Amino acid sequence: MLEPASPLKTLSAAEFAVLGLEQFAYIKPVTLPDGKNAIGVFAADGRPLAGAPNIETAQALVRQNELEPALVH
């Protein structure tokens, strides 16, 4: 018996980019133009939303906006 195809496999790149847009924000280390390190906060589609000096502050920013933080390496 064949397994049905996962609906995720049929999503276009654009559809996949907005998956979780209203539920998650991604957090990852970034290097600022002045060479300093920070923590970037990004929407599910990759749009930069904010910057923070540390992970704890970034997570608080995300949760204050009723999103769930997801750490990206």
Exercise for the section: Taking every pair of Cα atoms in the range 23-71, average 1/r, invert it to obtain the Kirkwood radius, and report Rg/Rh to two decimals. Expected result: 0.95
Exercise for the section: For the range 23-71, give the magnitude of the charge dipole about the Cα centre (Cβ charges: +1 Lys/Arg, -1 Asp/Glu; no others), in debye to the nearest 20. Expected result: 100
Practice task
Using the charge dipole of the range 23-71 (Lys, Arg: +1 at Cβ; Asp, Glu: -1 at Cβ; taken about the Cα centre), state which of ILE39, GLN23, THR57 has its Cα farthest towards the positive end.
Solution key: ILE39
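Read-outs throughout are calculated quantities, based only on the coordinates presented, and are distinct from any laboratory measurement. Quick caveat, the model's predicted, so the values are computed rather than measured. Don't worry about glycine lacking a Cβ; one is built from the backbone with ideal geometry, like all the others, and counts go over all protein chains shown.
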